[in-house]
Amino acid sequence: MESQTISIVGLGYVGLCTGVGFASKGFSVIMVDNDPKKVTAVTKGIPPFHEPDLEKLLQEGIKSGLLKATLDIEQAIKNTDVTFITVGTPSNPDGSIDLKQIKSCATEISKALAKKDKYHLIIVKSTVVPGTTENIVKPLLEKYSNKKAGSGFGLCMNPEFLREGSAIFDTLHPDRIVIGENDKESGNLLHAMYQELYGKTTPFVRTNLPTAELIKYANNAFLATKISYINTIANICEKIPSTDITVVSQGLGFDQRINPQFLRAGIGYGGSCFPKDVNALIAMADQVGYSAILLKDVQEVNENQAKHTVEIVQKILGELVGKRIAILGLAFKPDTDDMREARSIPIINELLNKGATITAYDPIAHSSAFSVFGNKINYVNSAISCLKDADCCILVTEWNEFKHLKPDDFKKHMKQPILIDGRRIYNPTEYRKKIQFEAIGLGPIP
Ligand code: UGA
């Protein structure tokens, strides 16, 4: 069977990485976005955001002719067999998801389908609350195309589980593929495409549309819960002399029922997904008559971690007016310049409110951080210059280069060598010997 040709609507993380991933395995892909700047940049092989290996694969795809980008959705549908919808689903002010982009994209696809005779498969990959594909996308696709889902065209929901910072790796090595299908033929076609991409060893879960949609939320909410859980235990550790959450996590992680991942305690989770998806799941549960109290607490624990970090600083320094705080790392996690819901934001804002001055360094996130903080903070070009004359340093993002800093670096450059490890990357025994060292989840010295 000849490979399906693919179009992808929406050039965010999921869309671009999916496109680049398919093209790297020989599929022909047309990527569509309504932002001319994005389309021009992608056509030139310039990714609109930083992601390891993305630029290389994008340029290879463009050069080989397998990857193209366009503003013209109609042509993209006409010239391909399968379309992934990967547009954004941001939050409304009440926490529910905003489906504007999904609706307009489904409408445009529907109009394009009206002009096409050949069978076409549509796949919703954006994160959408259960019921969206069935009750919103499907009727819109049917409305203008005058075709029926299941006969005139195929329809699937296929959630994405890639992480920023390792998006290309995750795209090429998924743990599993979840396919929600409107009908067997649609599911079979997508299943076959993915088997061509990944081979036969990757597990598949095939189900209906709303279950696939719920799996995505359940997955992110579970991971967020794991983080808030370990942060809860971390906060208990801080009250018990000689305990250390990193060792507690190790002890838990060897239990195969728990596993070691997402047990890193710290200043909390950020990013474009966990906060938004936990919110959306809570809002959706409320709407259908269930108060998801566990998830509300997960959120509260997360918000408190940022406040708690500032409290640690205050406990040591007292009054913060005029104190100079060094912030190592601004992005929500390493290997990305994404500042969305980064924990640096509530921490820095709280410190500024209390009158501190902030000097910050992030290896790549300065320009995205500038759009958040503007000139309210000082940006410097190295970790060492960030430490210069500081009264206290907070490690906010665990970039690899920060792992190489030694206690002497803090001692030599800071006004007073006080370090708060918000991501648990330093060895407390080594650091406590030489500087004042505090960390999330580190019990007091007895
Ligand atoms: C997350 C999920 O991990 C992906 O599976 C999912 O596809 C994605 O959301 C999405 O829905 O698009 P991402 O937000 O890119 O991916 O990053 P994560 O690696 O999950 O980290 C999220 C936040 O949790 C970061 O702020 C990170 O610092 C924090 N975290 C993570 C912890 O505080 N502790 C941990 O043990 C792990």
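The numbers here are math on the coordinates, done by the rules we state, and not lab data. What you see is a predicted model; the values in this text were computed from it and never measured. Neighbour counts are summed over all protein chains in view; Cβ atoms, including those assigned to glycine, are modelled from backbone coordinates with ideal geometry.
The tail of the calculated P(r) for region 338-410 beyond 17 Å holds 42 percent of all Cα-Cα pairs. The HN-Hα couplings worked out from phi for region 250-266 by the Karplus form 6.51 cos²θ - 1.76 cosθ + 1.60 (θ = phi - 60°) are 4, x, 6, x, 6, 6, 5, 6, 9, 6, x, 7, 6, 10, 8, 6, x Hz, whole numbers, x standing for Gly and Pro. When the convex hull of its Cα atoms is viewed from all sides, region 395-446 shows a mean projected area of 3.6 nm². DSSP finds beta bridges in the chain, and of those with both partners inside it, around 10 percent are antiparallel. Taking amide hydrogens as placed 1.01 Å from N in the peptide plane, the amide H of Val178 sits under 5 Å from those of Val205, each at least 5 positions away in sequence or on another chain.
Counting only Cβ charges, +1 for Lys and Arg and -1 for Asp and Glu, the dipole size of region 192-266 around its Cα centre is about 140 debye.
Pairwise alpha-carbon distances in region 6-207 exceed 24 Å for 36% of all pairs.
Quick one: dipole size for the chain, taken about the Cα centre, charges +1 on Lys/Arg Cβ and -1 on Asp/Glu Cβ, in debye to the nearest 20. Don't skip to the end; give the middle numbers.
Numbers: 51 positive and 50 negative charges, 62 e Å.
The calculated dipole for the chain is roughly 300 debye.
Taking every DSSP beta bridge that has both residues in region 6-207, what percent is antiparallel when rounded to the nearest 5? Can you show the working numbers first?
Working: 3 of 28 bridges.
In region 6-207, DSSP labels about 10 percent of beta bridges as antiparallel.
What's the longest bit of the chain with no exposed chymotrypsin sites (Phe, Trp or Tyr not before Pro), using DSSP loop states and at most 10 other Cβ atoms within 10 Å as the test? Can you show the working numbers first?
Details: sites that count: Phe254, Tyr290.
Within the chain, the longest run free of exposed chymotrypsin sites (Phe, Trp or Tyr not before Pro) spans 1-253.
For Lys56, the lysines whose Cα falls under 16 Å of its own Cα, not counting residues fewer than eight places away in the same chain, are Lys25, Lys44, Lys68. The alpha carbons of region 185-242 stretch over 59, 25, 11 Å along the principal axes, in descending order. Our coupling estimate for region 115-127, obtained by passing each phi through the Karplus curve with A = 6.51, B = -1.76, C = 1.60 and θ = phi - 60°, is 8, 10, 8, 5, 4, 9, 9, 10, 10, 7, 10, 4, 6 Hz, Gly and Pro reported as x. How much net charge surrounds Leu281 when only other residues with a Cβ under 14 Å from its Cβ are counted (Lys, Arg +1; Asp, Glu -1)? Once positives and negatives cancel, what remains is -2.
Considering only the Cα atoms of region 359-446, their convex hull presents on average a projected area of 5.9 nm².
Rounded to two decimals, what ratio of Rg to Rh does the chain give with C-alpha atoms and a Kirkwood Rh? Provide the component values of the computation, followed by the final result.
Details: Rg = 23.8 Å, Rh = 23.5 Å.
That ratio is 1.01, to two decimals.
Our summary of shape: the Cα atoms of region 218-439 have principal axis extents of 55, 40, 32 Å, ordered from largest down, in whole angstrom. By the Cα gyration tensor, region 99-224 has an equivalent ellipsoid whose semi-axes, rounded to whole angstrom, run 25, 17, 13 from largest to smallest. Counting only Cβ charges, +1 for Lys and Arg and -1 for Asp and Glu, the dipole size of region 6-207 around its Cα centre is about 500 debye. For Phe84, the residues 5 or more places off, or on other chains, whose built amide H falls under 5 Å of its own are Ser7, Ile8, Val9, Ile123. Placing a pseudo-label 7 Å from each Cα along the Cα-to-Cβ vector at Leu71 and Ser382 gives an inter-label distance of 4.5 nm. Distant-in-sequence amide contacts of Ile97, defined by a placed amide H-H separation under 5 Å and a gap of 5 or more residues or a different chain, comprise Asn92. Translational diffusion coefficient of region 1-61 (Stokes-Einstein, Kirkwood radius from Cα pairs, 25 °C, 0.890 mPa s): 212 µm²/s.
Give the residues of region 280-323 whose amide nitrogen is closer than 16 Å to a point set 7 Å from the Cα of Asn92 in the direction of its Cβ. Residues 280-289 qualify, since their backbone N sits under 16 Å from the label point. Among the listed pairs Lys78/Lys184; Lys63/Lys333; Lys115/Lys216; Lys38/Lys63, those whose Cα-Cα separation exceeds 27 Å are Lys63/Lys333; Lys115/Lys216. Please list, in order, the residues from region 191-232 whose amide nitrogen is less than 17 Å from a point placed 7 Å along the Cα→Cβ vector of Lys184. Counting backbone N atoms under 17 Å from the label point, the list is 191-192, 206-209.
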